[in-house]
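Q: My structure is below; once you've seen it, I'll send some questions.
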2 protein chains.
Amino acid sequence: MSATRRMIEVRDADQCCPSVLAAPMDGVDAQRLAVGFAALADPVRLRILSILADSRAGEVCVCDLVSPLEKSQPTISHHLKILSDAGLVHGERRSKWVWYSLDRARLAQLQSSLDA
Amino acid sequence: MSATRRMIEVRDADQCCPSVLAAPMDGVDAQRLAVGFAALADPVRLRILSILADSRAGEVCVCDLVSPLEKSQPTISHHLKILSDAGLVHGERRSKWVWYSLDRARLAQLQSSLDA
DNA sequence: TCAATGCATTGATGTCCGTCAATATACCAG
DNA sequence: CTGGTATATTGACGGACATCAATGCATTGA
């Protein structure tokens, strides 16, 4: 899988944001939403999002996450892949480093699915 | 455990809603938030919340959940306990039935933890 | 070309979770 | 008290997940 290929699967505007409270949800919508919240259901991943949100440049490389989170580098990569599959972050390779940034729009979608 | 005892552990207003995006989160806050999102990270539980939100009286008994969700009664009870422990629903016994209702304030807390 | 660095993937391990059958508990009607 | 109904709990099973060591791949610099 090439680096330039990795973005095509990320998002489809229609399939992301049913509302929990607006109407009875069918199993398919519920399953999709559950995957989104599952990405948020881990303290390491929440802290990754938090660090990304707080970064000056809006992005950080993996090497800058390992030490503050006190997890191994493979573990951090694992969590970044889950966040990336959920559309919450995007990674871009620049020379030796991969820079990850937050997708605030995707986060807002999940948030709005909880609208009253 | 008696029915009247079950409410004491439910909530403490201070411990529920750190913000993901406002500042770097410590592990304790992240852990607490992750527990909240984990309660939302299952399609059956999301559909329970959805059914509760859509109910006329604002509450439904367990017996009204089993058939639409196509899960066994113990499974539904299991999910209701998880939602209850997370403070997202509350159950009240009235005669033979236990009526569950949505805690919209708790849901709003989780939602606001994703504020930009 | 070679060694070093940054990141991803694989494989293994222990733990947690969703599910249901069986059982227990609570309540009510008779 | 007895039987029936509604819900909760227990125990067991299979699958998913978090974690890390080892390894692979890509990039850079010498």
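Q: Residues of the range B:64-86 being open to solvent by less than 30 Å² (accessible area, probe 1.4 Å) and more than 9 Å from DNA strand D (Cβ to nearest atom), which ones?
A: B:L69, B:H79, B:L83, B:A86 - these are the residues of the range B:64-86 that are open to solvent by less than 30 Å² (accessible area, probe 1.4 Å) and more than 9 Å from DNA strand D (Cβ to nearest atom).
Q: For the range B:31-55, which residues satisfy the criterion of being within 11 Å of DNA strand C (Cβ to nearest atom), at the interface with chain A (Cβ under 7 Å from one of its Cβ atoms) and more than 20 Å from A:A22 (Cβ to Cβ)?
A: Correct list: B:A34, B:A38.
Q: List every residue pair whose Cβ atoms lie under 7 Å apart, where the two residues are 6 or more positions apart in sequence or sit on different chains, the first residue falls within the range B:19-30 and is in a loop (DSSP other than H, G, I, E, B), and the second residue, located anywhere, is charged (D, E, K, R) and open to solvent by 40 Å² or more (accessible area, probe 1.4 Å).
A: B:S19/B:D115; B:L21/B:D115; B:A23/A:D54; B:P24/A:D54; B:M25/A:R47
Q: Shifting gears a bit: Condition first: away from chain B (no Cβ under 14 Å) and either open to solvent by less than 50 Å² (accessible area, probe 1.4 Å) or more than 8 Å from DNA strand C (Cβ to nearest atom) (or both). Now tell me which residues in the range A:88-116 satisfy that.
A: Those that are away from chain B (no Cβ under 14 Å) and either open to solvent by less than 50 Å² (accessible area, probe 1.4 Å) or more than 8 Å from DNA strand C (Cβ to nearest atom) (or both): A:H90, A:G91, A:E92, A:R94, A:S95, A:V98, A:Y100.
Q: On to the next question. Take B:L114 and decide whether it is under 17 Å from the mean Cα position of the chain (by Cα) and not polar (S, T, N, Q).
A: Answer is no for this residue.
Q: Can you name the number of the only condition in (1) more than 10 Å from DNA strand C (Cβ to nearest atom); (2) away from chain A (no Cβ under 13 Å); (3) exposed (fewer than 13 other Cβ atoms within 10 Å of the Cβ) that B:C61 fails?
A: With (1) more than 10 Å from DNA strand C (Cβ to nearest atom); (2) away from chain A (no Cβ under 13 Å); (3) exposed (fewer than 13 other Cβ atoms within 10 Å of the Cβ) applied to B:C61, the lone miss is (3).
Q: Quick one: is B:V89 among the hydrophobic types (A, V, I, L, M, F, W, C), closer than 30 Å to A:R104 by Cα and within 13 Å of DNA strand D (Cβ to nearest atom)?
A: yes
Q: Moving on. At the interface with chain A (Cβ under 7 Å from one of its Cβ atoms) and either part of a helix (DSSP H, G or I) or of a type in the set (K, R) (or both) - does that describe any residue in the range B:71-83?
A: no
Q: Determine if the range A:86-95 includes at least one residue that is outside any strand (DSSP E or B) and among the charged types (D, E, K, R).
A: No, the range A:86-95 has no match at all.
Q: While we're here: Could you grab me the full set of residues in the range B:1-58 that are modelled with pLDDT of 90 or more, β-branched (V, I, T) and either over 24 Å from A:I48 (Cβ atoms) or open to solvent by 30 Å² or more (accessible area, probe 1.4 Å) (or both)?
A: B:V35, B:V44, B:I48, B:I51
Q: Right, another one. Test B:L52 against the criterion of being in contact with a helix residue (DSSP H, G or I) (Cβ under 6 Å, 6 or more places away or on another chain) and under 28 Å from B:S113 (Cα atoms), and give yes or no.
A: Criteria not met by B:L52.
The values are calculated or read from the model by the stated rules, or taken from the named source; none is laboratory data. In this text the structure is predicted, and so the values were computed from the model without any measurement. No Cβ is skipped: glycine too gets one built from the backbone with ideal geometry, and neighbour counts run over all protein chains shown. Remember, those area values only see protein heavy atoms, side chains included, never the ligands or the DNA or RNA. Shrake-Rupley method; radii C 1.70, N 1.55, O 1.52, S 1.80 Å.
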